[in-house]
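Asker: Have a look at this one.
No lab work stands behind these numbers, since they all come straight from the coordinates. On a predicted model such as this, the values are computed, not experimentally measured, just so you know. Every residue, glycine as well, gets a Cβ built from its backbone with ideal geometry; the counts of neighbours run over all protein chains shown.
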Amino acid sequence: MSKFKKKKDGGLPPVNTASLPDIVFMLLFFFMVATVMREDTLKIQNQLPLADQVEKLDKKYPVSYIYMGKPSANYKKFGNVARIQLNDKFADVSEVGRFIESERLSYREELIPYLTVSLKIDKEANMGIVGDVKQELRKVNALKINYTTGTGDALTNMK
Amino acid sequence: MAKRAAPEVNAGSMADIAFLLLIFFLVTTTIEKDSGINRKLPPIDDSEVEPPIIKQKNIFTVLLNKNDQLLVEDEPMQIKDLRKAAVEFLDNGGDGSCSYCQGKKSSSSSDNPDKAIISLKNDRETSYAAYIAVQNELVAAYNVLRNRRALQIGPQKGFSDMDFIKMQNNHKDVRWTGNKEKLKEVIDQIKLEIPQKLSEVVE
């Protein structure tokens, strides 16, 4: 009888949790490394077209992003034609110039001539709005542009 | 019987396992990087200087209409044939001044790659996807010729088995151990011999 009682008193040894911080840190580091930071919250559909003659966008130099596409499901009230998004809000073509100027102010002076404008445009957008934005960029002398695309067979873009 | 508690599990090596996993993921994860087609817009030119007169045979017109249909040199064309047509045009070498051209030397096509201009016009209703497809094919045409030229002159300069794309990548790559200045010279020479002259019509 006493035999059984003694066992009960001993109970289960506590699980050693000394390595828990290690595991947590490991996960933290993993997600820190693997996460791609999104520059802006998108309010538009932004499915990029594919191309195979692509060059990598060099992050060594400053990059500004201009998004275009039709408003996504939550923003249907803004219509269903392609619109421009600068930073976190919808914008008009006339605001592109001011946007570039304000972007330039945030970079060191010697880097300003290297500013690349990355155009992230939905594949369904039409060229009218793209042409207008390009014209605005020329007006403010932001001539280096990059049509950001996915990597794949470009011929699949054409239906 | 003597009192005996279950022995404690040794967790000292847990940290090692954690770090092992951490390093494994660090090595295998690639961070997504944006890529795309780089272009340079022409500056706005207010001067009243007459543009130079360009012979019609040196211009390769590509029209993209609102239904995403292609018209190349006044002939309808499928997008898959565009690359080949553009290569033929650029590589023609009509005036014989281009020693590295392998084209037909037809008198009705471009004189040499330096004079050859591709003119792209699109409609406001053209879809962006189609525009990118056309841009991609035209860039590809230039790359085909540049790669070919790189394979011709590369070996003489000590860069064998390297096409133009690879040369550019190596030039950017900090881990590449070759002679970067010499490589830059070769890249510049190819760029000069086969310049990308792609003009876009703005209404």
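Asker: Considering only DSSP beta bridges where both residues belong to chain B, give the percentage that are antiparallel (nearest 5).
Answerer: Bridges in chain B that DSSP calls antiparallel: roughly 40 percent.
Asker: Give the relative contact order (percent, whole number) for the range B:45-102; include only Cα pairs under 8 Å separated by 6+ residues.
Answerer: About 18 percent, as a whole number.
Asker: Follow-up question, since we're still on this one. Could you work out [θ]222 nm for chain A from helices alone, using -39500 (n - 2.57) per DSSP H run of at least four and dividing by all its residues? Round to the nearest 500 deg cm²/dmol.
Answerer: -9000 deg cm²/dmol
Asker: Picking from A:THR156, A:MET32, A:ILE84, whose Cα lies most toward the positive end of the charge dipole for chain A (charges on Cβ: Lys, Arg +1; Asp, Glu -1)?
Answerer: Farthest along the dipole direction, towards plus: A:MET32.
Asker: Also, I was wondering about something else. When all alpha-carbon pairs of the protein assembly as shown are counted, what percent fall beyond 25 Å?
Answerer: Counting every Cα pair in the protein assembly as shown, those more than 25 Å apart make up 66 percent.
Asker: Specify whether the C-alpha gyration tensor of the range A:107-151 places it in the rounded, prolate or oblate class, a ≥ b ≥ c being the square roots of the eigenvalues: rounded for a/c under 1.5, otherwise prolate if a/b is larger than b/c and oblate if not.
Answerer: oblate
Asker: What relative contact order, as a whole-number percentage, does chain B give when Cα pairs under 8 Å and 6 or more residues apart are counted?
Answerer: Once normalised by length, the contact order is 18 percent.
Asker: If you rank B:GLU185, B:GLU75, B:GLU200 by fewest surrounding Cβ atoms within 10 Å, what's the result?
Answerer: B:GLU75, B:GLU185, B:GLU200
Asker: Count charges around B:CYS98 for me, please; just the other residues with Cβ under 10 Å from its Cβ, Lys/Arg as +1, Asp/Glu as -1.
Answerer: Computed value for this residue: -3.
Asker: At a Förster radius of 25 Å, what calculated FRET efficiency corresponds to the Cβ-Cβ distance of B:SER106 and B:SER199, to the nearest 0.05?
Answerer: Approximately 0.70, to the nearest 0.05.
Asker: Do the sum for chain B: with -39,500 (n - 2.57) for every DSSP H run of n ≥ 4, divided by all residues, what is the mean residue ellipticity at 222 nm, to the nearest 500 deg cm²/dmol?
Answerer: Roughly -12500 deg cm²/dmol at 222 nm, from the helical runs in chain B.
Asker: Counting other Cβ atoms within 10 Å of each Cβ, which trypsin sites (Lys or Arg not before Pro) in the range B:137-185 have at most 15 and sit in a DSSP loop?
Answerer: B:ARG175
Asker: Another question about this same structure. To the nearest 20 debye, what is the magnitude of the charge dipole of chain B about its Cα centre, counting +1 on the Cβ of each Lys and Arg and -1 on the Cβ of each Asp and Glu?
Answerer: Roughly 1000 debye for chain B.
Asker: Taking square-rooted eigenvalues a ≥ b ≥ c of the alpha carbon gyration tensor, is the range B:65-203 rounded, prolate or oblate, where a/c under 1.5 means rounded and, failing that, a/b exceeding b/c means prolate?
Answerer: oblate
Asker: I've got another one for you. For chain B, which DSSP H helices look membrane-span-like by this rule: Cα extent along the axis of 27 Å or more and mean Kyte-Doolittle of at least 0.0?
Answerer: Qualifying helices, which must be both long enough and hydrophobic enough, are B:128-153.
Asker: If amide hydrogens are placed 1.01 Å from N in the peptide plane, which non-local residues have theirs closer than 5 Å to the one on A:THR149?
Answerer: Those qualifying (amide H under 5 Å, at least 5 residues apart or on another chain) are B:SER35, B:GLY36, B:ILE37.
Asker: For A:LYS59 and B:ARG4, what is the calculated FRET efficiency with R₀ set at 56 Å and r taken between the beta-carbons, to the nearest 0.05?
Answerer: 0.35
Asker: Relative to the longest principal axis of the C-alpha atoms of chain A, give the angle of the C-alpha long axis of helix A:127-139, reported between 0 and 90° and rounded to the nearest 10°.
Answerer: So the inclination is approximately 80 degrees.
Asker: Using the 10 angstrom Cβ neighbour count as an exposure proxy, how do B:PHE159, A:PHE30, B:PHE24 rank, fewest first?
Answerer: Starting with the residue having the fewest Cβ neighbours, the order is B:PHE24, A:PHE30, B:PHE159.
Asker: With an 8 Å Cα cut-off and a minimum separation of 6 or more residues, compute the relative contact order for chain A in percent.
Answerer: Relative contact order, chain A: 29 percent.
Asker: Now for a different question. As a quick test, which of the pairs B:LYS104/B:LYS180; A:LYS123/B:LYS33; A:LYS120/B:LYS104; A:LYS144/B:LYS184; B:LYS33/B:LYS66; A:LYS60/B:LYS84 have an alpha carbon distance above 30 angstrom in this structure?
Answerer: Violating the 30 Å limit, Cα to Cα: B:LYS104/B:LYS180; A:LYS120/B:LYS104; B:LYS33/B:LYS66; A:LYS60/B:LYS84.
Asker: Also, quick follow-up: How many nm separate the modelled label positions at A:LEU12 and A:LYS139, each set 7 Å beyond the Cα in the direction of the Cβ?
Answerer: 7.1
Asker: Given a Förster radius of 22 Å and the C-beta distance between B:LEU192 and B:GLN152 as r, what FRET efficiency does 1/(1 + (r/R0)^6) yield to the nearest 0.05?
Answerer: Here the calculated transfer efficiency is 0.90.
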